[in-house]
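The values are calculated or read from the model by the stated rules, or taken from the named source; none is laboratory data. Because the structure is a prediction, the values reported are computed rather than measured. Positions of Cβ are generated from backbone atoms using ideal geometry, with glycine treated the same way; all protein chains shown enter the neighbour counts. Surface areas here come from the heavy atoms of the whole protein model, side chains and all, with no ligands, DNA or RNA. Shrake-Rupley method; radii C 1.70, N 1.55, O 1.52, S 1.80 Å.
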Amino acid sequence: MKFPLTRMRRLRKSPEVRSIIQETRLNKDDLIQPIFIKEGLKNDIKEPIKTMPDEYRYSIDDGVLFGKKLEEKGLKSAIIFGMPITSTKDKLGSPAYDKNGIAQKTIRKLKEETNLLVISDVCLCQYTNHGHCGVLGEDKVLNDKTLKYLSKVAVSHAESGADIVAPSDMMDGRVLAIREGLDKNGFEDVLIMSYSAKYASSFYYPFRDAVSSTPSFGDRKTYQMDPSNAREAIREAELDLTEGADILMIKPALAYLDIIKALRDNFNLPIATYNVSGEYSMLKNGIEQGYLTEDVIMETLISIKRAGADLIISHFTKDVLNKL
Ligand code: PBG
Ligand code: ZN
């Protein structure tokens, strides 16, 4: 049927009609707020992050309070990033698997004081003195040697009460190593949300500024994916699935909507994505400068959900909970 019998504008004629035919809706449950916790920071003085308008580094108490306030607005889950004291960083990233490390203490307190689902980022880069996501050999990041440390990190987060561990390092075999470590220690109910297709992206720049995790030499291209590759993302996801991942993640989100769609179409696992720091800061900055209006935030988040994501980690979570 064609015009004049078919008129697409009938479906758009009023807010009520538009609402009942709306294909994609964002829910509070879909969103995950990242929280940055910095060891040694005093209470009541949250630290602004220069490259991320309206995101802060918090002390443990203040970070938990931030989570609690968002929980009152309907937040269901948060992902925790710890920043240890710089002088404690070492070659093997040991503050990452310290029972009393910054992430572990934060996870415990969040679980004590809120009902949030706590997701922990599992990686070494904030904790190594060279800033790489794994341990080093002579001149490169060693894959297999790194696995044991990642597993230790995940187990220590689970011991602290993490509901979901999220490995972001991109070493081969890390999902299996973490699954085995968790199961051996009685944490067979802790989920693994794997950063399956994590690209070597320049959109992480503000995050690295936020948590001081820029590699002191080289880059992450020998472990994170080349932005040119889509089929490779399917292979990564297949491996994570066979190694025991519960949720697959694509990161970043906006420049990779096709990858979200590809994984959605190829897998039946829940799909998460990370709307990363650079994607956040571009829009926030545009809004602050008056070049854009706040509406771009919802449009952006809806586009990510429409592409096929069930879960969206986004720094905008705190900005939109009230509107959902
Ligand atoms: C570290 C990690 C990064 C992000 C999450 N975990 C940065 C990186 O790989 O350099 C990026 C998050 C963001 O940009 O918001 N493994
Ligand atoms: Zn890392």
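Subtract the Cα-Cα distance of Asn285 and Glu232 from 0.36 nm times their separation in residues, and report this length gain in nm to one decimal. Write down the numbers at each step before the final one.
Numbers: separation 53, 0.36 × 53 = 19.08 nm, distance 3.29 nm.
Gain in length upon complete extension: 15.8 nm.
Carbon-plus-sulfur fraction of the accessible area of the range 156-228, 1.4 Å probe, in percent?
Details: 1420 of 2900 Å².
Looking at the range 156-228 in its full context, I get 49 percent from C and S.
If packing is taken as the mean number of other Cβ atoms within 10 Å per residue, what is the order of 90-97, 37-44, highest first? Walk me through the intermediate numbers first.
Values: 90-97: 20.4, 37-44: 16.4.
Averaged packing, sorted descending, gives the order 90-97, 37-44.
Once the Cβ-Cβ distance between Lys50 and Lys184 is put in as r, and R0 is 56 Å, what FRET efficiency do you end up with, to the nearest 0.05? If you can, show how the numbers build up before the last one.
Values: r = 42 Å, r/R0 = 0.75.
According to the calculation, E is roughly 0.85.
Tell me, what does the Kirkwood hydrodynamic radius of the range 208-262 come to in angstroms if you use every pair of distinct C-alpha atoms? Walk me through the numbers before you get to the answer.
Working: mean 1/r = 0.0764 Å⁻¹.
For the range 208-262, inverting the mean 1/r across all distinct Cα pairs yields 13.1 Å.
Place the peptides 129-135, 201-207, 108-114 in order of packing, highest mean first, counting for every residue the other Cβ atoms within 10 Å and averaging per peptide.
Values: 129-135: 22.1, 201-207: 19.4, 108-114: 17.7.
Highest mean packing first, the order is 129-135, 201-207, 108-114.
Test of understanding: what is the full-extension gain from Leu5 to Arg306, defined as 0.36 nm times their sequence separation minus their Cα-Cα distance? Please list the in-between numbers first.
Working: separation 301, 0.36 × 301 = 108.36 nm, distance 2.88 nm.
Value of the extension gain: 105.5 nm.
Could you state the orientation-averaged shadow area of the convex hull built on the Cα atoms of the range 165-249, in nm² to one decimal? Mind showing how you got there, number by number?
On the way: hull surface 25.0 nm².
The Cα convex hull of the range 165-249, projected and averaged over all directions, gives 6.3 nm².
Tell me the relative contact order for the range 169-252 as a rounded percent, counting alpha carbon contacts under 8 Å between residues six or more apart. Don't jump to the answer; show the numbers that get you there.
Values: 86 pairs, mean separation 42.9, N = 84.
So the answer I get is 51 percent.
Express the relative contact order of the chain as a whole percentage, based on alpha carbon pairs under 8 Å and six or more residues apart in sequence.
On the way: 635 pairs, mean separation 56.9, N = 324.
It comes to 18 percent, rounded to a whole number.
More than 21 Å apart: what percent of Cα pairs in the range 138-210 qualify? All intermediate terms of the calculation are to be shown ahead of the outcome.
Numbers: 877 of 2628 pairs.
Result: 33 percent of Cα pairs exceed 21 Å.
So what is the orientation-averaged projected area of the chain, using the convex hull of its C-alpha atoms, in nm²? Intermediate values should be presented prior to the final figure.
Working: hull surface 74.6 nm².
Result: 18.7 nm².
As a quick test, which of the pairs Lys109/Lys251; Lys13/Lys305; Lys91/Lys152 have an alpha carbon distance above 22 angstrom in this structure?
Cα-Cα > 22 Å for Lys109/Lys251; Lys13/Lys305; rest within.
For a protection proxy built on the mean count of beta-carbon atoms within 10 angstrom, sort 285-295, 58-68, 228-238 highest first, please. Spell out each step's value before the answer.
Working: 285-295: 11.6, 58-68: 20.5, 228-238: 15.4.
The peptides rank, most packed first, as 58-68, 228-238, 285-295.
Give the carbon-plus-sulfur fraction of the accessible surface of the range 1-131 in %, rounded to a whole number; probe 1.4 Å, heavy atoms of protein chains only.
Whole-percent figure for carbon plus sulfur exposure: 52.
How are the Cα pair distances of the range 241-316 distributed, in percent, across 10 Å bins from 0?
Spelled out per bin, shortest first, that is 20, 47, 24, 8, 2.
Please label the shape of the range 167-324 as rounded, prolate or oblate, based on the square roots a ≥ b ≥ c of the eigenvalues of the alpha-carbon gyration tensor (a/c under 1.5 means rounded; beyond that, a/b larger than b/c means prolate, else oblate).
prolate
Which angle between 0 and 90 degrees, to the nearest 10, do you get for helix 277-289 versus the longest principal axis of the chain when only C-alpha atoms count?
50
Holding the Cα-Cα limit at 26 Å, pick out from Lys145/Lys198; Lys46/Lys148; Lys38/Lys261; Lys198/Lys284; Lys68/Lys99 the pairs that are longer than that. Intermediate results must be reported in sequence, preceding the final value.
On the way: Lys145/Lys198 20 Å; Lys46/Lys148 34 Å; Lys38/Lys261 35 Å; Lys198/Lys284 23 Å; Lys68/Lys99 23 Å.
Result: Lys46/Lys148; Lys38/Lys261 exceed 26 Å.
State to the nearest 20 debye the size of the charge dipole of the chain about its Cα centre, where the only charges are +1 on K and R beta carbons and -1 on D and E beta carbons.
On the way: 46 positive and 47 negative charges, 202 e Å.
With Lys and Arg at +1 and Asp and Glu at -1, about 960 debye.
Hand me the trypsin sites (Lys or Arg not before Pro) from the range 136-205 located in a DSSP loop with no more than 12 other Cβ atoms within 10 Å, in residue order please. Walk me through the numbers on the way to the answer.
Numbers: sites: Lys140, Lys145, Lys148, Lys152, Arg174, Arg179, Lys184, Lys198; in loops: Lys140.
Of the trypsin sites (Lys or Arg not before Pro), the ones in loops of the range 136-205 whose Cβ has at most 12 other Cβ atoms within 10 Å are Lys140.
Which value results when the Cα radius of gyration for the range 64-148 is divided by 2.2 N^0.38 Å? Walk me through the numbers on the way to the answer.
Working: Rg = 15.1 Å, N = 85, 2.2 N^0.38 = 11.9 Å.
Normalised Cα radius of gyration, the range 64-148: 1.27.
Can you list, largest first and rounded to whole Å, the semi-axes you get for the range 13-115 by taking the square root of 5 times each eigenvalue of its Cα gyration tensor?
Working: eigenvalues 241, 43, 38 Å².
They are 35, 15, 14 Å, listed largest first.
Contour minus end-to-end for Thr88 and Thr242, with contour as 0.36 nm per residue of separation and end-to-end as the Cα-Cα distance? Spell out each step's value before the answer.
Values: separation 154, 0.36 × 154 = 55.44 nm, distance 3.59 nm.
The span from Thr88 to Thr242 would gain 51.8 nm if fully extended.
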